[in-house]
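Working notes, beginning with the structure itself.
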Amino acid sequence: MKSLSPALKAHLDEGTTTLAWCWRISRADGVSFGFTDHDRTLSFDGTEFEPESGLTASEVRSGSDLSVDAQDAEGVLTSDRITETDILDGRWDNAEVEVWRVNWADTGQRVLMRRGAIGQIRRGRLAFVAEVRSLAHVLGQTVGRTFQATCDAALGDARCGVDLEDPAFKSAGAVIDLLRDRAFTASGLGGFEAGWFTFGTLEWTSGSNAGRQAEVLGHDATDGVAILTLLDAPVRAIAESDGFTIRAGCDKRIETCGAKFANTLNFRAFPHIPGQDTILRYATKDGGHEGSVL
């Protein structure tokens with residue numbers, strides 16, 4: 001149930017209304033923006049809601065169950081406040097959204113229709129469509145720890161305790177030759193065995209992707225030359241001599257935790273829980289039924 005001010009109620013009862021949609025979007029980097037589908041700038045609560053983005057909204061879809069409701073906001077890429085580069089870089093992903101219905105003739109007459117977050121963004125050459133998800137989407141996210149055999153800590157965080165600034169786990173390098181859009185040979189990593197940086201992170205220090213991070217899918221070595229494959233292709237093309245800093249990766253197994261990082265004491269999982277092989281096994285005469293660790 002929405003609570004409307006008497007002035008807004010009276011305006012709605014008039015039959016002819018002057019209403020507009022306004023969106024206040026707060027990105028994870030702390031930057032806030034205001035947009036409207038009206039043809040001039042509206043202002044309230046210290047935010048300027050600008051029309052230059054060309055945003056238009058679909059109908060608000062709501063259900064009585066706990067399914068995730070959504071509304072689409074469509075716009076053109078003509079505003080310097082919404083750029084294709086920012087969308088590709090993920091700066092708008094999961095940004096907090098407030099959707100307001102406002103009397104553009106008197107912005108004091110307004111009602112907050114919903115809160116949510118930016119979900120899927122579909123983009124083309126000249127336009128984008130952003131999905132505004134309701135707060136119910138939070139109910140579908142995993143909260144807390146899970147009972148699993150692999151470690152649920154992030155390598156290098158407080159729960160893990162591994163120092164990724166240690167030269168044994170960190171190195172600087174540069175691109176030698178581009179093999180594919182997300183694979184390349186690299187210098188500076190000759191002192192590390194193949195696989196050392198698999199599942200690690202790579203941060204670009206120079207070139208068009210400087211300041212951005214990527215996950216390392218694979219680390220191979222041929223004749224002392226490292227071959228790196230990223231999980232996803234960078235937003236901008238990789239070029240020869242692009243510099244980067246790379247940190248070791250972990251496959252979350254207790255064997256790796258002990259052999260590679262000597263950090264078994266901080267292993268955050270339950271490596272001896274029964275797996276699917278235990279469920280599918282059958283009785284045999286060679287033992288294995290006394291309750292010991294499998």
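Checking region 169-185 against the condition returns a match, with at least one residue being under 22 Å from Ala262 (Cα atoms), surrounded by fewer than 19 Cβ atoms within 10 Å (Cβ to Cβ) and of a type outside the set (Asp, Glu).
How many residues does region 169-189 contain that are closer than 13 Å to Ile246 by Cβ, out of contact with any Ser or Thr (no Cβ under 9 Å at 6 or more places or on another chain) and not aromatic (Phe, Trp, Tyr)?
First, pick out the residues of region 169-189 that are closer than 13 Å to Ile246 by Cβ: 169-175, 184, 186-189.
Right, trim to out of contact with any Ser or Thr (no Cβ under 9 Å at 6 or more places or on another chain) and you get 169, 186-187.
Adding the requirement that they be not aromatic (Phe, Trp, Tyr) leaves 186-187.
The qualifying residues number 2.
Looking across region 221-240 at every residue that is surrounded by fewer than 15 Cβ atoms within 10 Å (Cβ to Cβ) and in a strand (DSSP E or B), the one that is modelled with the highest pLDDT is identified as Val225.
Residues to consider are Gly15, Gly30; find the one that is over 18 Å from Trp104 (Cβ atoms) and in a loop (DSSP other than H, G, I, E, B).
Numbers: Gly15 fails: over 18 Å from Trp104 (Cβ atoms).
Of the residues listed, the single one that is over 18 Å from Trp104 (Cβ atoms) and in a loop (DSSP other than H, G, I, E, B) is Gly30.
Output yes when any residue across region 266-278 is farther than 30 Å from Cys160 by Cβ, modelled with pLDDT under 95 and either of a type in the set (A, V, I, L, M) or not in a loop (DSSP other than H, G, I, E, B) (or both), and no when none is.
Within region 266-278, none of the residues are farther than 30 Å from Cys160 by Cβ, modelled with pLDDT under 95 and either of a type in the set (A, V, I, L, M) or not in a loop (DSSP other than H, G, I, E, B) (or both).
List the strands (runs of 3 or more DSSP E) inside region 95-214, counting only whole elements, that have at least 3 residues being closer than 30 Å to Pro6 by Cβ, at pLDDT below 95 and not β-branched (Val, Ile, Thr). Quick ask: steps written out before the conclusion?
On the way: elements: 96-103, 110-123, 127-134, 170-180, 183-187, 201-204.
Per the criteria, 96-103, 110-123.
The values are calculated or read from the model by the stated rules, or taken from the named source; none is laboratory data. No experiment lies behind these values; they were computed from the predicted model shown. In this analysis, Cβ positions are derived from the backbone assuming ideal geometry, glycine residues included, and neighbour counts consider all displayed protein chains.
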